[in-house]
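Worksheet for the structure shown next.
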Amino acid sequence: MAQCVLVAEDEMIIGVDLRHTVEEAGYEVAGPYDTTQSACDAVDRRTPDLAILDVRLEDGEVFPLAEKLQAANVPIIFHSGEVSPDEVSRRFPDALALAKPCPPNRIIATMREALAEA
C-alpha cells in the first residue's frame with residue numbers, strides 16, 4: 001500500500017498541483033483540504049505518513065493541525081509563501097519547510113527526506 005500524504009492548501013490551483021505532484025511520485029494523497037478543521041477531521045479518520053501544510057488556511061493558521069500531527073509522530077513539511085522557513089523552524093524544529101513557489105522535484109526530494117528521517 002502506498003504511503004499517504006495529507007495536503008492542506010486553501011488555494012485550489014496550488015492544492016491540485018501538489019496533489020498531482022505527490023501522486024505522480026507514487027504516493028496516495030488525502031486532500032487537498034482548505035481548512036484546518038477539515039484536515040484535522042481527516043487525520044482523525046486516518047493518520048497520514050506525511051503532511052504538506054500551507055501555514056494559512058481558510059479558517060486560520062494550520063498550527064493546531066501541525067501540533068496534532070507532531071504528537072502522532074507524522075513528519076511535516078510546511079509549504080508557504082507568507083511565513084519564512086526560519087519562523088516555522090523555531091516553532092516546529094523537526095519540521096521541514098519550503099517557500100512557495102517550489103518546483104515539483106524539490107517537493108518530492110523533501111518528501112523523501114522527511115519520510116526517510118521518520
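The set of residues in segment 92-118 being of a type outside the set (G, A, S) and in a helix (DSSP H, G or I) consists of P104, N105, R106, I107, I108, T110, M111, R112, E113, L115, E117.
Take A99 and decide whether it is out of contact with any Phe, Trp or Tyr (no Cβ under 7 Å at 6 or more places or on another chain), aliphatic (A, V, I, L, M), under 21 Å from E23 (Cα atoms) and open to solvent by 40 Å² or more (accessible area, probe 1.4 Å). Against the criterion (out of contact with any Phe, Trp or Tyr (no Cβ under 7 Å at 6 or more places or on another chain), aliphatic (A, V, I, L, M), under 21 Å from E23 (Cα atoms) and open to solvent by 40 Å² or more (accessible area, probe 1.4 Å)), A99 qualifies. Taking residues in segment 72-94 that are surrounded by 21 or more Cβ atoms within 10 Å (Cβ to Cβ), and partners anywhere that are among the charged types (D, E, K, R), the pairs with Cβ atoms closer than 6 Å and at least 6 places apart or on different chains are H79/D54. Counting only helices (runs of 4 or more DSSP H) that fall entirely inside segment 12-91 and contain at least 3 residues that are touching a helix residue (DSSP H, G or I) at 6+ places or on another chain (Cβ under 9 Å) and on the phi < 0 side of the Ramachandran plot, the qualifying elements are 12-24, 36-45, 63-71.
The values are calculated or read from the model by the stated rules, or taken from the named source; none is laboratory data. What you are looking at is a predicted structure, and each value in this text was computed from that prediction instead of being measured. A quick note on method: Cβ atoms are made from the backbone with ideal geometry, for glycine too, and the neighbour counts reach across all protein chains shown. Just the protein is used for accessible areas: all its heavy atoms, side chains included, with ligands, DNA and RNA removed. Shrake-Rupley method; radii C 1.70, N 1.55, O 1.52, S 1.80 Å.
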